[in-house]
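Have a look at the structure below, then the notes.
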Amino acid sequence: MYRKIYDKDGAEIVHIEYFHDHFEAPDAFPRYRQAMAQIHNTYGKYASYVLESVTSAALSSRKYHEKVLNPDTREPRQWYASCTNDLEEFLCLRLPALPYNVGVSLHASREKDEVNEMFVRNMAAPGRLSSRHQLAAYWPEVYRAYAKETVVPSVSKDMKLYHFLQTRIGRIDGEQWFAATQIHPPELCWNSYESLWAPGAAKQTLHVLVYGDTGAGKSTFLSTLPKPIYLICFDGLGKETPFVKLGEDGGLKYE
């Protein structure tokens, strides 16, 4: 299943591929693996690649091992270990090597910092990938997306809900959140690609993990990446709405 989004001139600005499972015979993750085997065909056609989301992709991988590859095991932890191996291959090796902008969304978790004896909010990922020392080591940019009701004098004198990005590790609203950067955008900036760069600055290829709580604006941020966007969607229908709103919806197509 897929859909295309077009600009006012009829040019494709978003191509969405859906990877959803059949309940009794999950096949979304092996179909994604097949698609990644042909990813070189997208080079030069798209400016950005987006994966939505690690949470849903991990569930698809685990259900594939549980119901198809290894249904008779007496050790269910094998399914989780196999899921971690699958996601490690793509999140640590395949996606960071793509030669265009890449954005991946994740949810938030808590990680114990053994040195400082405190909890740090971090990216949620399966198994050993949940450690920021594992997953973040392969990505130059890690941002936290969040929403906050506040006053921004340059915009309005009224209290309003705004969406921001946190681009460096630090404590906000009483909690320590992990973030990292190599391009040095503002420490706190608006939830958009353009806000990462100083006016007139040369833009680099951006490889970014963006994480946060549900409703924090992760998809909204990723929809601002340079167009055209190639979107891989493991999430359910409706989660791709920020991308659909970018232009004219060509409608769902079934193959």
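No lab work stands behind these numbers, since they all come straight from the coordinates. Owing to the predicted nature of the structure, the values given are computational and were not obtained by experimental measurement. Counting neighbours? That spans all protein chains shown, and the Cβs are built from the backbone with ideal geometry, glycine included.
Reported to the nearest whole Å, the Cα centre-to-centre distance from the stretch 27-46 to the stretch 204-225 is 21. Ranked by the mean number of other Cβ atoms within 10 Å of their residues, highest first, the peptides 33-42, 167-176 fall in the order 167-176, 33-42. Amide H to amide H distances under 5 Å link residue 13 with 5, 6, 7, where only residues 5 or more positions off or on other chains count and H is placed in the peptide plane.
Take each peptide in 70-79, 204-213, count the other Cβ atoms within 10 Å of every residue, and average; sorted highest first, the result is 204-213, 70-79.
Any idea what diffusion coefficient the chain gets from Stokes-Einstein, in µm²/s, Kirkwood Rh on alpha carbon pairs, 25 °C, 0.890 mPa s? The diffusion coefficient I find is 128 µm²/s. For the chain, the Cβ-based charge dipole about the Cα centre amounts to some 220 debye (Lys, Arg positive; Asp, Glu negative; other atoms uncharged).
Along its principal axes, the stretch 109-255 has C-alpha extents of 52, 45, 32 angstrom, given from the largest down. Hydrodynamic analysis of the stretch 69-179 uses the Kirkwood radius over alpha carbon pairs. Inserted into Stokes-Einstein at 10 °C and 1.306 mPa s, it gives a translational diffusion coefficient of 96 µm²/s. Projected label points at residue 74 and residue 93, each 7 Å from Cα along the beta carbon direction, are separated by 3.2 nanometres.
Beta bridges assigned by DSSP with both partners in the stretch 2-249 are antiparallel in approximately 50 percent of cases.
Taking each residue as 0.36 nm, the span from residue 161 to residue 38 lengthens on full extension beyond its C-alpha to C-alpha distance by 40.1 nm. With the cut-off at under 19 Å, measuring from each backbone N in the stretch 154-188 to a point 7 Å along the Cα-to-Cβ line of residue 201 picks out 164-170, 179-188. Hey, which of these cross-link pairs are over 25 Å Cα-Cα: 160/245; 148/239; 4/218; 8/157; 45/245? From 160/245; 148/239; 4/218; 8/157; 45/245, over 25 Å: 8/157.
Reported value for the stretch 25-66: 64 Å³ per residue, from the convex hull of its C-alpha atoms. Per-residue packing, averaged as other Cβ atoms within 10 Å, sorts the ranges 84-93, 192-201 into the order 84-93, 192-201, beginning with the highest.
Each Cα pair under 8 Å and six or more residues apart adds its sequence gap; the mean of these over the residue count of the chain is a relative contact order of 30 percent.
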